[in-house]
Structures are given as structure tokens and as C-alpha cells.
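Below is one structure, written out as C-alpha cells, with a few remarks after it.
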Amino acid sequence: MTILTLVQQVNIEEKLKNATDNNYQIGIIIGSFIPFVVLIGLAYWMYTSAKKRDKEL
């Protein structure tokens, strides 16, 4: 697992410094936040489904 994380590490500051224009910079920023948004959505879905399950019991 550590090998996979070493391969996936991305230096966002380096990419922003070498960006060709503002659209590319915006894409980098949005792309870096997407995994967190997906995880938050998954956590919320799990919370609500567990809450509904407790009400049914």
C-alpha cells in the first residue's frame, strides 16, 4: 500500500507554479478537492442510512 501512495503523491504547488493559464489552475484546485467531497458524501450517506436503520428497529 505504501508503494501505491508514493506513486500517487502529487505536488499541487509545483503544478500551480507551472500552470499555463488560469483555467488549468482552477482545474487543479477542483481536482484536488473532489476526493474529499466524495468522502464527505459517502460518510453522510452512511450516517443517514444507519440512522434510518435504527428508527426501523
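Just so you know, all these numbers are worked out from the coordinates, no wet-lab data involved. Treat the numbers as computed from the prediction; the structure is a model and nothing was measured.
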Stretched fully, the stretch from LYS51 through PHE36 gains (0.36 nm per residue minus C-alpha distance, one decimal, in nm) 3.2 nm
How large is ³J(HN,Hα), in whole Hz, for each residue of the stretch 32-45 in order, when computed from phi with the Karplus curve 6.51 cos²θ - 1.76 cosθ + 1.60 and θ = phi - 60°, using x for Gly and Pro? 7, 8, 4, x, 5, 5, 5, 5, 5, x, 5, 5, 5, 4
